[in-house]
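Take a look at the structure set out below.
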Amino acid sequence: GFSSSLVLPQLLCENGNAEKMYDFLLNESKPSWLYQVNQGATAVWESMEGIQPDGSIAMCSFIQMAYCSIGNWMMEGMAGISAAKPGFTTIRIHPHYTDRLDYVDASYLSQQGEIACRWAHTEAGRELRLGIPANTTAEVFLEGASIHTAKADNGDVNALEGLSQIYEEQNGLLLGLGSGEYAFSWDVAAQ
């Protein structure tokens, strides 16, 4: 049921199935989140069978006190913003990309300050722009990037001011960053 929306997104993304999560989010046929929205829903229904395509209405609550959220995944999965340590003293930035969207632009006002993340597809590959608040550090994952393909502010990522660590992993590049504003770009096909 809809309560699986609390664990389903994380499990799908951790197992390389982020595209299935985008299917779950962006689907407009019944049953789905956007089907409810297209039917005028402003809250989660008790049952995804609430209003049928023929207009018939099921016996259910249309304002369900449900322990579920798709918005949380939109922030943590699509935009990639999450807390690596309590209180956002260390931030994790790990967006899950899809070709179905041209870009995602999000910000979160944490106890430490505003965290901003914007990713976009470009003709050359991908770009990621970040704002990391003062007195914080960030673990940033550039999916599909390598030390050879990633550029920071159109320069060498290794020479980036604020860089505390850099690791090439199987599926991308992991960076440790201090507070500040950053811009990265990389060619995904050049791996």
Practice prompt. Scan (1) open to solvent by less than 60 Å² (accessible area, probe 1.4 Å); (2) at pLDDT below 95 for the single condition Ser185 breaks and write down its number.
Written response: (2)
Worksheet item: Restricting the first residue to segment 43-64 and requiring it to be within 17 Å of Glu28 (Cβ to Cβ), which pairs with a second residue that is modelled with pLDDT of 75 or more and small (Gly, Ala, Ser) meet a Cβ separation below 8 Å and a spacing of at least six or different chains?
Response: Trp45/Ser61; Met48/Ser32; Glu49/Ala58; Gly50/Ala41; Gly50/Ala58; Ile51/Ala58; Gln52/Ala58
Item to complete: Determine whether Arg100 is open to solvent by 40 Å² or more (accessible area, probe 1.4 Å) and in contact with a helix residue (DSSP H, G or I) (Cβ under 8 Å, 6 or more places away or on another chain).
Response: yes
Worksheet, complete the sentence: Considering segment 32-89, residues that are within 17 Å of the chain's Cα centre (by Cα) and small (Gly, Ala, Ser), and then whichever is surrounded by the fewest Cβ atoms within 10 Å (Cβ to Cβ), we arrive at Gly71
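Within segment 32-130, which strands (runs of 3 or more DSSP E) (wholly inside it) include 1 or more residues that are at pLDDT 95 or above and among the basic types (Lys, Arg)?
On the way: elements: 81-83, 90-93, 103-110, 113-121.
Once the strands (runs of 3 or more DSSP E) in segment 32-130 are filtered for at least 1 residues that are at pLDDT 95 or above and among the basic types (Lys, Arg), what remains is 90-93, 113-121.
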Worksheet item: Right, Lys20: open to solvent by 40 Å² or more (accessible area, probe 1.4 Å) and touching a helix residue (DSSP H, G or I) at 6+ places or on another chain (Cβ under 8 Å) or not?
Response: yes
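The values are calculated or read from the model by the stated rules, or taken from the named source; none is laboratory data. Only a predicted model underlies this, so the values are computations on that prediction, with no experimental measurement involved. Glycine also receives a Cβ, built like all others from the backbone with ideal geometry; neighbour counts cover every protein chain displayed. The area values use the complete protein model at the heavy-atom level, side chains included, leaving out ligands, DNA and RNA. Shrake-Rupley method; radii C 1.70, N 1.55, O 1.52, S 1.80 Å.
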